1. For residue 40, enumerate residues with amide H under 5 Å from its amide H, sequence gap 5+ or separate chain, H modeled in the peptide plane.
2. Per residue, how much accessible surface does the chain expose to a 1.4 Å probe? Answer in Å², no decimals.
3. Would you calculate the separation in nanometres between label points at residue 73 and residue 102, each defined as 7 Å from the Cα along the Cα-to-beta-carbon direction?
4. By the scheme Lys and Arg +1, Asp and Glu -1, what is the net charge of all other residues having a beta-carbon under 14 Å from that of residue 32?
5. If I take every Cα pair under 8 Å that is 6 or more residues apart in the range 1-40, average their sequence separation and divide by the length, what percent do I get for the relative contact order?
6. Highest mean first, how do 47-54, 79-86, 22-29 rank when packing is the count of other Cβ atoms within 10 Å averaged over residues?
7. Over the chain, with every protein chain in place, what whole percent of the accessible area is carbon and sulfur at 1.4 Å, could you tell me?
8. Pop a pseudo-label 7 angstrom from the Cα along the beta-carbon direction at both residue 81 and residue 60 and give the gap in nm to one decimal.
Amino acid sequence: MVYAIVRAGGRQEKVSVGDLVTLDRVAGGAGSTIELPALLLVDGDKITSDAPTLANVKVTAEIIENLRGPKISIQKFKNKTGYKKRQGFRAELTTVKVTGIDA
């Protein structure tokens, strides 16, 4: 079992070949390829975590689609002053499929 921990969109994700992962919006359209920086590589019993070796590891992924997350409602209220505020937010997301982990 080969998997890697990669940095993606300010978070860390555990990925292996064939996984679908939802990340913060990545530049590029559907069908384009991106490369994710690896932080840790596990290949069976062998674990690689030193930076010089990980600089040679390439985790490639193909962009499947760009989408938006669920709507988050934000409401603010202050008692006795008449202050009310409503606001909404939807995150810009990208779904990618991991196509290769090359050590």
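The values are calculated or read from the model by the stated rules, or taken from the named source; none is laboratory data. Everything numeric here is computed off the predicted structure, so don't read it as measured data. Every residue, glycine among them, receives a Cβ derived from its backbone with ideal geometry; neighbour counts consider all protein chains shown. Just so you know, the surface numbers come from the protein's heavy atoms only, side chains and all, with ligands and any DNA or RNA stripped out. Shrake-Rupley method; radii C 1.70, N 1.55, O 1.52, S 1.80 Å.
1. HN-HN under 5 Å from residue 40: 5.
2. Values: 7040 Å² over 103 residues.
Per residue, the chain has an accessible area of 68 Å².
3. It is 4.9 nm.
4. Working: positive: 25, 97; negative: 35, 62, 65.
Surrounding charge for residue 32 is -1.
5. Numbers: 40 pairs, mean separation 19.9, N = 40.
Result for the range 1-40 is 50 percent.
6. Numbers: 47-54: 10.6, 79-86: 7.6, 22-29: 13.8.
Averaged packing, sorted descending, gives the order 22-29, 47-54, 79-86.
7. Numbers: 3520 of 7040 Å².
Reported share for carbon and sulfur atoms: 50 percent.
8. 5.6
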